[in-house]
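Only one structure is covered here, and it is reproduced in the block below.
The values are calculated or read from the model by the stated rules, or taken from the named source; none is laboratory data. These numbers were taken from a predicted model, which means no experiment stands behind them. Every residue, glycine as well, gets a Cβ built from its backbone with ideal geometry; the counts of neighbours run over all protein chains shown. Calculation scope for accessible area: heavy atoms of the full protein, side chains included, ligands and nucleic acids excluded. Shrake-Rupley method; radii C 1.70, N 1.55, O 1.52, S 1.80 Å.
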Amino acid sequence: MTTIETTTIEKKPDQATLVGLYRTAARILTFDETYRSQMMSGKFAGMYYSPRGQEFAAASVAAHLRPSDYVVTTYRGLHDQIAKGVPLRDLWAEYLGRAAGSCRGKGGPMHVTSPRHGLMVTTGVVGSGLPIANGLALAAQMRGTDQVAVVNFGDGASNIGAFHESLNLASLWKLPVVFVCQNNKWAEYTPLSGGTTVANIADRAAAYSMAGVTTDGNDPVGLYAVAGQAIERARRGEGPTLLEAVTYRFCGHYFGDQSEYIPSDELAAANEADPIPRYRQRLVNEFGVPAADLDDIDREAKEEVADAAEWAFDQPLPDPSELTTDVYAEESAR
Ligand SMILES: Cc1ncc(C[n+]2csc(CCOP(=O)(O)OP(=O)(O)O)c2C)c(N)n1
């Protein structure tokens, strides 16, 4: 396995970047908590897969991406969508199935797409995002741009055939793609050890002579460094990376799942090590960020999310006459 050493990074992120990672996480956290509490109160119903606990796995990778770069994510994708820059109003409306949503209300939480922001697809089919990302990366390579495609998926997805086929092809064709496995230790109700004997998902990169690295997905600074190397390698045309960000799923598989199958001490330990308050402390103690600045960011996140939610609830549902609009390609567009 080719391992990317974080110790080779000389340039530490500047304070604005470090604070930016916190801001992204605060927006994700607030959106997620507000959405779940409103669903819990019966204000609306739907399927929702919370990314709580995985905020930095999205924030630290996407911080390197340009608007023109591509991101592919899964049903558990709110954090990736926010981190890529999809506006909160577009997202909130889509999550409520409103006509003003990023997919005009036809996608819902599991199928958010916003090509304007480089959020190319959110898919509910486990493992299906990887070949799509290869296609996006191939298109960029053929056009001769330096765009990069990042695809996020879970540890469970790394046991799917499409994962292996995609890594093989990406390596063979040196595609500008970064495969980000957000290893949250659980795949639905199956623990990591119930799905594979491999110690680190990134070890699988060796089978495709690809760079692979396992890193702490709850350490925003370390992950930022490693992700930067992987994304720059892809941008320079030097091929793909399998980047494993080890994190934890706080909220059960889907909204309503009570996680009874997870040992309570495991869950308690993960919550105790919640990466967001930990990073907040670190910003203050290690990087000299005034706590008042972080209070401001928390307050702004709450205001932004409240504004987006309020606005979205006022938006109409899609008109039934729009049922097949944007669903099938127009004859002339083929
Ligand atoms: C091809 C396919 N098989 C099975 C499922 C059912 N399913 C939905 S989510 C999930 C678990 C996936 O776990 P992981 O890839 O680790 O992602 P996480 O949910 O932890 O983010 C499964 C098996 C599916 N959606 N698609």
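Observations
- Evaluated at q = 0.09, 0.14 Å⁻¹, the base-10 log of the normalised Debye intensity for the chain, with identical point scatterers placed on the Cα atoms, takes the values -0.46, -1.15.
- Charge tally in the Cβ shell below 12 Å around ILE262, where Lys, Arg are +1 and Asp, Glu are -1, ILE262 excluded: -3
- Rg and Dmax [Cα atoms of region 81-144; Å; Rg one decimal, Dmax integer]: 12.7, 38
- Cα-based reach from LYS84 at 27 Å (exclusive), listing lysines while leaving out same-chain residues under 8 positions away: LYS11, LYS12, LYS106, LYS174, LYS185, LYS302
- Phi-derived couplings, Karplus 6.51 cos²θ - 1.76 cosθ + 1.60 at θ = phi - 60°, listed residue by residue for region 262-277: 9, x, 5, 5, 5, 5, 5, 5, 5, 5, 4, 9, 2, x, 6, x Hz, with x used for Gly and Pro.
- Pairs of C-alpha atoms in region 178-334 farther apart than 27 Å represent 53 percent of all such pairs.
- GLN258 versus THR197: modelled label distance in nm, points set 7 Å from Cα along the beta carbon direction: 3.7
- Computed on protein heavy atoms with a 1.4 Å probe, the accessible areas place TYR208, TYR22 in the order TYR208, TYR22, largest first.
- Counting heavy atoms of the protein chains alone, SER41 has an accessible area of about 90 Å² for a 1.4 Å probe.
- Among beta bridges that DSSP assigns inside the chain, antiparallel share in %, nearest 5: 10
- For the chain, built as a Gaussian network whose Cα springs stay under 10 Å, the top-fluctuating residue of ALA16, ALA245, ALA206: ALA16
- Taking amide H as placed 1.01 Å from N in the peptide plane, SER50 has its amide H under 5 Å from the amide H of PHE255, each at least 5 places away in sequence or on another chain.
- Volume of the Cα convex hull of region 25-144, divided per residue and given in Å³: 99
- Between amide H atoms placed 1.01 Å from N, distances below 5 Å from THR74 occur with THR123, all of them 5 or more places distant or on a separate chain.
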